[in-house]
Amino acid sequence: MATKATKENDQIIKENNCEIKMGLPCVLEAFTSIFKTGSISNKCCGELVVLGKVCHSALIKRTLENPLFKDLSPAIIIVKSIQTWNNCLTLIDSPPSSA
């Protein structure tokens, strides 16, 4: 079953170009704020919101499936990822217009 989830997440990530929407510094910042401890800057919050919730969720789930992170509690990580997402939405009052 885990393999199927990985394939779905990979598919979502590929279809939405999730991995190229955020710069590496912000990816690391978001990662640290969710998987370790730390805060995410306004700039990176902006990038996270542009990335979108679908990408955000898929990337978190895929990371959780990595054996390197097997000691982490998925429940805690999901809560932290939602908190980070919501904090960023609050910080970024309105997403930048794509026009």
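Of note:
- The residues on offer are Ser39, Ser73, Ser33, and the sole one that is surrounded by 12 or more Cβ atoms within 10 Å (Cβ to Cβ) and either touching a residue at least 12 places away in the same chain (Cβ under 8 Å) or small (Gly, Ala, Ser) (or both) is Ser33.
- Options Thr63, Thr84, Thr90; residue that is within 13 Å of the chain's Cα centre (by Cα), at pLDDT below 95 and assigned to a helix (DSSP H, G or I): Thr63
The values are calculated or read from the model by the stated rules, or taken from the named source; none is laboratory data. In this text, all values refer to a predicted model and were calculated from it rather than measured experimentally. Backbone-built Cβ (ideal geometry, glycine too); neighbour counts: all protein chains shown.
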